[in-house]
Structure formats: structure tokens, C-alpha cells
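Take a look at the structure below.
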Amino acid sequence: MTSFPDEKTPDEWRAVLNKEQFRILREKGTEPPGSGTYDKHYPSEGVYACAGCSTPLYTASHKFKSGCGWPAYFDSIPGAVVRHTDRSFGMTRTEIMCANCGGHLGHVFKGEGFPTPTDERHCVNSVSLKFSPDDKVEDGAAGKGDSKV
């Protein structure tokens, strides 16, 4: 098992995450397509951070319209996201996680032909994120209530 700088027990995570955040970030769940707060969110500036630990993960300039039903980014902030081979559901995919707390973000797909600099699509659950219109994010995890910022 991989260790991360911000390690917490499941009960400690439950104390700082709401039920849906815990299901997705800690149990590797997925929100329904098109349901997320950030699916159709396209600010010109700002930062998307981990909803669990507030680590900045993506900038607004990384985001693009993929039509996949989840927020899509062509790259992350350097060192903010780690990749892991996911062989669940009878297929091989590349899972992406917060490098600080190990929270499940979603999956990354390559070679789909999007006109982006990396030809990658980081398909991220909105629930895994919180947005700050400034280029900084408040300290602390998202509250137990609504995960929207």
C-alpha cells in the first residue's frame, strides 16, 4: 500500500468529509456523469484543489470541454497528482490520486485526440475537488455539508 504525507484513519476522514466525499475520495467511488458541480464550470482563472486536504491539483487553464460528463483537465499542477494502475471492473485504467492524501480523483486517458497540449484527459469527480477563484485555496478540508465552494 502506498503511503501519503497526509495520512488519516477512515474515522478521521469521516470527521472531515461528507458522505459523498468519503465514498469517492476514500472508497474510490464515481459520481454520476453530468451531475458534478464542476462539469460545466469554465472560469478563466483559479485553482481546483483536493476536497480532502486542500492541495492545489489543477488550474483553470488546464480545464477543457471534453463532453464526457465529468470535469476534464489536460494536465495537473506538477507533482500534485499520482498515477496508479487500476484493474477493477475487468479492465486496465490509470487511476489518478491526490499526491498529498491519496484521495481518489478519477482516471486519466491518453490518445483520445483532444486538441490539448498533452493528448490526455484527466477525468475527475467534481466531489473530489473544491474551487478557488484566486490562485490559492483555503486551508482545511471541505466541510461535512455541501461540497460546493
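Values quoted throughout were computed directly from the atomic coordinates according to the rules given, and no laboratory measurement underlies them. These numbers were taken from a predicted model, which means no experiment stands behind them. Here the Cβ is made from the backbone with ideal geometry for all residues, glycine too, and neighbour counts use every protein chain on show.
Dipole magnitude for the chain: about 380 debye, using +1 per Lys or Arg Cβ and -1 per Asp or Glu Cβ, origin at the Cα centre.
Suppose every Lys and Arg Cβ carries +1 and every Asp and Glu Cβ carries -1, with no other charges. What dipole size does the stretch 26-107 come out with about its Cα centre, to the nearest 20 debye? It would help to have the intermediate numbers written out before the result.
Values: 8 positive and 7 negative charges, 27 e Å.
Rounded to the nearest 20 debye, it is 120 debye.
For the peptides 23-34, 100-111, residues were scored by their other Cβ atoms within 10 Å and the scores averaged per peptide; the highest-first order is 100-111, 23-34.
Our coupling estimate for the stretch 104-116, obtained by passing each phi through the Karplus curve with A = 6.51, B = -1.76, C = 1.60 and θ = phi - 60°, is 5, 9, x, 9, 10, 10, 10, x, 8, x, 5, x, 10 Hz, Gly and Pro reported as x. Simple point charges give the picture: +1 on the Cβ of Lys and Arg, -1 on the Cβ of Asp and Glu, and for the stretch 1-74 a dipole about the Cα centre of about 220 debye. Each residue of the stretch 51-63 is assigned a 3J(HN,Hα), and the resulting list reads 5, x, 10, 6, 5, x, 10, 9, 9, 4, 6, 7, 7 Hz, derived from the Karplus form 6.51 cos²θ - 1.76 cosθ + 1.60 (θ = phi - 60°), x at Gly and Pro. Amide H contacts of Ala51: Leu129, Lys130, each under 5 Å away and 5 or more positions distant or on a separate chain (H built 1.01 Å from N in the peptide plane; Pro and chain starts excluded). Packing, taken as the mean count of other beta carbons within 10 Å per residue, orders the peptides 90-96, 57-63, 15-21 from highest to lowest as 57-63, 15-21, 90-96. Summary of the geometry: the stretch 1-78 and the stretch 103-117, compared by the centres of their Cα atoms, lie 14 Å apart.
As I understand it, the dipole of the chain uses +1 on the Cβ of Lys and Arg and -1 on the Cβ of Asp and Glu, about the Cα centre. Which of Cys50, Pro78, Ser126 lies farthest toward its positive end? Final value for the positive-end residue is Ser126. Looking at the square roots a ≥ b ≥ c of the eigenvalues of the Cα gyration tensor of the stretch 38-90, which shape do they give, rounded for a/c under 1.5, prolate if a/b is larger than b/c, or oblate? It is oblate, given that a/c is not under 1.5 and a/b is not larger than b/c.
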